[in-house]
Amino acid sequence: MNSSPPDPIRLEGFAPQDLYQKREKIFTRYVGGFFQRLRFYSGWPLLVGYFGIPWLMWDERQAVLFDLTARQFHLFHLTMWPQDFWLLGWLLMIAAFGLFTVTAIVGRLWCGYTCPQTIWTAIFMWAEQITEGSRHQRIRLDKAKLSWNKIWRRTAKHLLWFGVAALTGIAFVGYFVPIRDLYASMFGFEVPGWETFWILLFTFGTYVNAGWLREQVCLYMCPYARFQSAMVDKDTLIVSYDDARGEQRGSRKKTAKPSGLGDCIDCQLCVQVCPTGIDIRDGLQYECIGCAHCIDACNQVMGVMNYSPGLIRYATQHEMAGGVTHWLRAKSVGYGLVCAGMVVAFGIAILARSEFAFDILRERGELYRTDVSGLVFNDYQLKLMNKSQRVQSYNVSVQTPKFITMAQPLVLELPAGDIDNISLQLYSSEPGYGNVSVDLSVCKTNTQECVVETTTFFRPIPTS
């Protein structure tokens, strides 16, 4: 069987197209400017937060810790339990609608300024620049034959990549395992197996995604690049090239502008600085992540040529066509209202969330017992959970009906984040037949915050 790739497709009037074309490596050129400083100042707080938050302490424990073993998620003064996972789903929906709102108004600013893939790729590109040099030096080094210069530069680059990736993996695991204990076990070469596995996995993932795949993650792996078209319209702020002003393109001297040419001198800098390798002059493309590298590069060229900046700029399609941008429209207002409503409701749910919970379960065995005086007894298991981060005292009582009584008063004290199972006995102080519903109340003794659960009290069935 012939396994070789098919011949390139040949159509009359078109150049041959190779369906198995190799990925063309992108060598980006460094460019400064206003938007790159903005990306720097927006990216560093996120990096500091990612690596620094696990080291914060709160009440003698890690402030943010997702303790899977104990099934407790600690977020500063909040402790979330598996019963609270619906709040996590709610939070994810808020994040999704927030992203929809931002995209409908200002396009892919999330991708260009705050996406982890963008930030970590920028760090890896920086490591590439300080070890292998400028864009032209990297291109020459890539084409050069193997030599000592190439070996040590590539080795230094990959060591920096691996170091950043390893720190990223350790920090990530530090959100699930106390990071101080994790580092202590690492220095003692006593890291448990699962922690080692996850550190290596996220180190490898960061190294590959930010070092090797880069724009491939944005173009082919991230679904956001595909469904953004459902949110972007002609009133969305995007990176735009002013065709009316820039065309026709052509090189020229600084002192004179030939007639018939626009402001674009066709220097290709906008292409050379693009991390996804596109030419923004071809119009709106799904590959554009809105990072504004091309805007800063073009503005610098316009300054050298003594032209007005803004040949490439953030603008809407309506603005570029000479129309008026409608910022308040059904899509943006709708997304914003839904997101705001969900945030308010989420805040109310957090504030109204009880710091304890309990379940009332019947003991296995006989449904009821009677004594010589005719009293009917039922046995239960009370499962009480202290969801707060401090010792709490609770009072257990029967609310209704009045003739169902506890065998003895019950006051419980639970340590922070503890669960306890307590045997509970109820009896009926009045004669009667048939089952009745019982409302059992558990209240915090210091605030009188109460939670009520309903169970069934079994009594003898009358005989005919």
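Computed from the coordinates by the stated procedures, all read-outs in this text should not be read as laboratory data. Predicted model, so just to flag it, every value in this text is computed and none were measured. Every residue, glycine as well, gets a Cβ built from its backbone with ideal geometry; the counts of neighbours run over all protein chains shown.
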Fill in: In degrees, nearest ten, helix 330-352 long axis to first principal axis of the chain (Cα)
30 degrees
Worksheet item: Among 386-398, 166-178, 185-197, 85-97, what's the highest-first ranking by average C-beta atoms within 10 angstrom per residue?
Response: 166-178, 386-398, 85-97, 185-197
Fill in: Amide H within-cut-off set for Q72, under 5 Å, with H built and near neighbours excluded
D67
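Between F187 and L337, what length in nm is gained on full extension when 0.36 nm per residue of separation is reduced by their alpha carbon distance?
49.0 nm
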Practice prompt. Over the chain, consider all pairs of different Cα atoms and compute the Kirkwood hydrodynamic radius from their mean reciprocal separation; express it in Å, one decimal.
Written response: 28.4 Å
Worksheet item: Which order do peptides 452-462, 346-356, 155-165, 201-211 fall in by mean Cβ count within 10 Å, highest first?
Response: 201-211, 155-165, 452-462, 346-356
Practice prompt. Give the angle, between 0 and 90 degrees and rounded to the nearest 10, that separates the Cα long axis of helix 34-52 from the longest principal axis of the Cα atoms of the chain.
Written response: 30 degrees
Fill in: Where N is the number of residues in the stretch 28-161, Cα Rg divided by 2.2 N^0.38 Å
1.47
Practice prompt. Collect residues whose amide H, placed 1.01 Å from N in the peptide plane, falls under 5 Å from the amide H of K234; neighbours closer than 5 in sequence don't count.
Written response: none
Worksheet item: For the stretch 180-194, what does the Karplus curve 6.51 cos²θ - 1.76 cosθ + 1.60, with θ = phi - 60°, yield as ³J(HN,Hα) per residue in whole Hz, taken in order and with x for Gly and Pro?
Response: 5, 5, 5, 5, 4, 5, 5, 5, x, 6, 10, 6, x, x, 5
Worksheet item: Given a Förster radius of 30 Å and the C-beta distance between A144 and V304 as r, what FRET efficiency does 1/(1 + (r/R0)^6) yield to the nearest 0.05?
Response: 0.45
Item to complete: Convert each backbone phi in the stretch 286-301 into a coupling constant with the Karplus relation 6.51 cos²θ - 1.76 cosθ + 1.60 (shift: θ = phi - 60°), then list the ³J(HN,Hα) values in order as whole Hz, x for Gly and Pro.
Response: 5, 6, 5, 9, x, 7, 6, 4, 5, 5, 5, 5, 5, 5, 5, 5
Discussion item. How big is the dipole moment of the chain about its Cα centre under a simple scheme where the beta carbon of each Lys and Arg is +1, that of each Asp and Glu is -1, and everything else is neutral? Debye, nearest 20, please.
Written reply: 2300 debye
Worksheet item: Taking Cα pairs under 8 Å and at least six residues apart, what relative contact order does the stretch 356-457 come out at, in percent?
Response: 30 percent
Item to complete: For D418, list long-range residues whose amide hydrogen, built 1.01 Å from N in the peptide plane, is under 5 Å from its own amide hydrogen.
Response: N386
Item to complete: Determine the calculated [θ] at 222 nm for the chain from helices alone, applying -39500 (n - 2.57) to every DSSP H run no shorter than 4 residues and normalising by the residue count; nearest 500 deg cm²/dmol.
Response: -11500 deg cm²/dmol
Worksheet item: Across 5 Å bins from 0, what is the distribution of all Cα-Cα pair distances for the stretch 113-169, in whole percents?
Response: 4, 19, 25, 22, 15, 10, 4, 1
Response to the item:
Note on the chain: contact order normalised by length, alpha-carbon pairs under 8 Å, 6 or more apart, percent, works out to 14 percent
Worksheet item: With the dipole of the chain worked out from charges on the C-beta (+1 for Lys and Arg, -1 for Asp and Glu) around the Cα centre, which of L426, G193, V451 lies farthest toward the positive end?
Response: G193
Practice prompt. Just need the Rg to Rh number for the stretch 149-200, please, alpha carbons only, Kirkwood Rh.
Written response: 1.12
Worksheet entry | Calculated from backbone phi, Karplus (6.51, -1.76, 1.60) coupling profile of the stretch 136-151 in Hz, x at Gly/Pro | 5, 5, 5, 5, 5, 5, 5, 7, 6, 6, 4, 8, 4, 4, 5, 5
Item to complete: Measure up K25/K257; K22/K234; K143/K254; K402/K444; K234/K254; K25/K254 against 25 Å on the Cα-Cα distance and list the ones that go over.
Response: K25/K257; K22/K234; K143/K254; K234/K254; K25/K254
Worksheet entry | Distance histogram in 10 Å bins (all Cα pairs of the stretch 356-457, percent per bin) | 15, 48, 27, 10, 1
